[in-house]
Amino acid sequence: MTTVQPAAGPVLRSDYQRSIAAYWNAEKDPVNIKLGDVDGLYHHHYGIGDYDESVLRAGDQAVIEEMHRLETAQANVLLDHLGDIRPADRLMDAGSGRGGSSIMANQRFGCQVDGVSISEQQVAFANDQARRRNVEDKVRFHFRNMLDTGFDSGSMRGIWTNETTMYVDLHQLYGEFARLIRPGGRYVCITGCYNDVTGGRSRAVSQIDQHYICNIHPRSEYFKALSDNGFVPINVVDLTAATIPYWELRAQSSVATGIEDPFLTAYKEGSFHYLLIAADRI
């Protein structure tokens, strides 16, 4: 049974959070909707792996399906790193979007999954998807702030964030996750982060920030915030090379948004990394 305690304040606590919520409440981008229509798993993250070049000759729908395959592959890699999850465990998807990864986690592990988002539109959409799949008793989505979820302390076996940490302060976030994850549990993150070695945000990274109204963190900040809050990384995987083919395919698709060039520039010049971090709660 899901236990939710009253949060300490309103879900949206700043003008910035309200602007982010408004953006995602209004968002109906075909790059998210058309891909999810392939099989009903709606993602809000990017893909990894090489693509089949024949899809470029097979027409737009083949390209859409191949992009969706790469995004689903990315979610599977994240779930691979959660460790030994049992049906009696409970997981949280922080920044759950339209719910695709949460539904995948329940399919794989058979456990309860709670998704949280500050977008009421996303929460309603995702809960509808759970009902359509008859998993609403195990997969639930909540209009909640990931910085203060209201869930019981120690109630989670694992938490993941998939391209959502650039919207929040990492120290506040991992403080809340340290409260929620019981000792021995695990946190998994996939994120874009800028390269400290190159010194500050590059022009391409700044363009990504502007496009998504986000604040991309330096790579070093993740490890400092995790350590400060009692998390020890067990796996760190550089997915940068693995995501470039996805962006090259997306740039040639009918659902390109214009942000593809900054992503490709940032990845190829080395100013931006696509990183997976799995860390245990001690």
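The values are calculated or read from the model by the stated rules, or taken from the named source; none is laboratory data. Note that the structure is predicted; figures quoted are calculated from it, not measured. Cβ sites come from the backbone with ideal geometry, for glycine too, and all protein chains shown count toward neighbours. Protein only, heavy atoms only, side chains kept; ligands, DNA and RNA dropped before computing areas. Shrake-Rupley method; radii C 1.70, N 1.55, O 1.52, S 1.80 Å.
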What is the set of long-range amide H partners of Ile234 at a cut-off below 5 Å, with H atoms built 1.01 Å from backbone N?
-> Ala278, Ala279, Asp280
How big is the gap, in Å, between the Cα center of segment 185-235 and the Cα center of segment 91-168?
-> 22
Report the label-to-label distance for Asp84 and Asp39 in nanometres (one decimal), using points 7 Å from each Cα along the Cα→Cβ vector.
-> 2.8
Using the alpha-carbon centroid of each, what span in Å lies between segment 236-256 and segment 18-49?
-> 16
What is the set of long-range amide H partners of His217 at a cut-off below 5 Å, with H atoms built 1.01 Å from backbone N?
-> Tyr194
Nearest 20 debye, what's the magnitude of the dipole of segment 1-87 about its Cα centre given +1 on Lys and Arg Cβ and -1 on Asp and Glu Cβ?
-> 540
Quote to one decimal, in nm, the extra length available between Thr198 and Glu53 on full extension: 0.36 nm per residue of separation minus the C-alpha distance between them.
-> 48.9 nm
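Quick check for you: with a 1.4 Å probe and neighbouring chains kept, what is the accessible area per residue of segment 24-281, in Å²? Mind dumping the intermediate values first?
Numbers: 9690 Å² over 258 residues.
Counting only protein heavy atoms, the per-residue value for segment 24-281 is 38 Å².
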Identify the residues of segment 193-211 with backbone N under 13 Å of a label point that sits 7 angstrom from the Cα of Ser220 along the Cα-to-Cβ direction, or state none.
-> 194-201
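Note down the net charge around Ser254, summing +1 for each Lys or Arg and -1 for each Asp or Glu among other residues with Cβ under 14 Å from its Cβ. Walk me through the numbers before you get to the answer.
Numbers: positive: Lys34, Arg250; negative: Asp29, Asp37, Asp60, Glu65, Glu66, Glu260.
With Lys, Arg at +1 and Asp, Glu at -1, the net is -4.
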Looking only at lysines whose Cα falls under 20 Å of Lys224's and that sit 8 or more positions away or on another chain, we get none
Treating the beta-carbon of each Lys and Arg as +1 and of each Asp and Glu as -1, no other charges, what is the dipole magnitude of segment 85-188 about its Cα centre, to the nearest 20 debye?
-> 460
In nm, to one decimal, how far is the modelled label at Ile282 from the one at Ser254, with both set 7 Å along Cα→Cβ?
-> 5.3
Selection from Val139, Ala94, Thr72, by position along the positive dipole direction of segment 19-142 (Cβ) | Val139
Residue-wise, which Karplus ³J(HN,Hα) couplings in Hz belong to segment 44-58, taking 6.51 cos²θ - 1.76 cosθ + 1.60, θ = phi - 60°, and x for glycine or proline?
-> 10, 9, 9, x, 9, x, 6, 9, 7, 5, 5, 5, 5, 9, 9
Taking a cut-off of 28 Å between Cα atoms, list the lysines near Lys34, but don't count ones fewer than 8 places away on the same chain.
-> Lys138, Lys268
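Kindly identify segment 179-282 as rounded, prolate or oblate by the Cα gyration tensor criterion: order the square roots of the eigenvalues as a ≥ b ≥ c, call it rounded if a/c is under 1.5, otherwise compare a/b with b/c, prolate if a/b is larger, else oblate. Before the final figure, lay out each step's value.
Numbers: a/c = 2.32, a/b = 1.87, b/c = 1.24.
Here segment 179-282 falls in the prolate category.
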About the Cα centre of the chain, how large is the charge dipole given +1 on each Lys and Arg Cβ and -1 on each Asp and Glu Cβ? Please answer in debye to the nearest 20.
-> 720
Using a 1.4 angstrom probe on heavy atoms only, work out the carbon and sulfur share of the accessible area of segment 195-273 in %.
-> 49
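What value, in deg cm²/dmol to 500, does the helix sum -39500 (n - 2.57) over DSSP H runs of n ≥ 4 give at 222 nm once divided by the residues of the chain? Don't skip to the end; give the middle numbers.
Numbers: 11 runs with 120 residues, N = 282.
Helix contribution divided over all residues of the chain: -13000 deg cm²/dmol.
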Where in segment 141-184 is the amide nitrogen less than 13 Å from a point lying 7 Å along the Cα-to-Cβ axis of Tyr23?
-> 164-168
